[in-house]
């Protein structure tokens, strides 16, 4: 586990170090795991680092999720759950009102039937009986109308309350699923989107996942400081967003890692898109707007895989992640499509690295 908190090789990228650590523990390199390991890697929370180290070489996904909750990495989920609970409560109250209205209408219908039977009976000879029947009917009609108006008022009020809670819930979800720095979707939203892709098989044949990682980003932070690094992250996010279709799903999934989910696209088209993003970033000037200082070219490596041959989102992410690693191992500033032989390339390069 020491690889997580204190990496020995300065030349290795953060993403590669974290991914290798997760793989060595038999964990899927999914975004929510990356979040934990990234926080431990940068040492922002010593207690979290110690807790991960204490897990040893093997752990379970449940243990990791418990740690995430303990250290408040998923705290916004509690807010969303609370809003969901309130919405459910308002809905239950509304259904109770409607049930009372239904019972009232059924009672009124029964009175109508009984009154009609009395008036229609052949042996009815008394005007008083008819008058009493009409009085009962009139009273029942008035009570039902009054009850109906009250119920309509209550339903309207409850509907307004539900709309308010729903709007609040939507805002919580938007905040919880948005990366505050880049304004892109975050890891949580990415996890949900990735899982949703495999909830049905329609369209998987033409669905792709691209993972994009900024080359040598640690050197940028070390040389110019985190505020400059943050501005570069925001600029990279804007370039990626501007080079894909509006319906493409774009997220920041790690410190300097981004993801793009595309539907209705071929592998050849994805490759061309990767090149467009890569060249656009390579040609984007990264200068200080006040001093004109040039921070140098910023490049990215890209790896992608098609969903057609994957069983689930984890496999699609793992394949794209492996393709990304191979792109970095090929010299960076390039893109690679996942191929079956990449596992050997990965194993061999890590053997060399570990020597």
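Computed from the coordinates by the stated procedures, all read-outs in this text should not be read as laboratory data. None of the values given here were measured: they were computed from a predicted structure. Every residue, glycine as well, gets a Cβ built from its backbone with ideal geometry; the counts of neighbours run over all protein chains shown.
Each part reduced to its alpha carbon centroid, region 254-307 and region 225-241 end up 11 Å apart. Packing, taken as the mean count of other beta carbons within 10 Å per residue, orders the peptides 314-320, 280-286 from highest to lowest as 314-320, 280-286.
Model label points for residue 65 and residue 223, set 7 angstrom from Cα along the Cα-to-Cβ axis, are 4.2 nm apart. Taking packing as the residue-averaged number of other Cβ atoms within 10 angstrom, the listed peptides 324-332, 254-262 run from highest to lowest as 254-262, 324-332.
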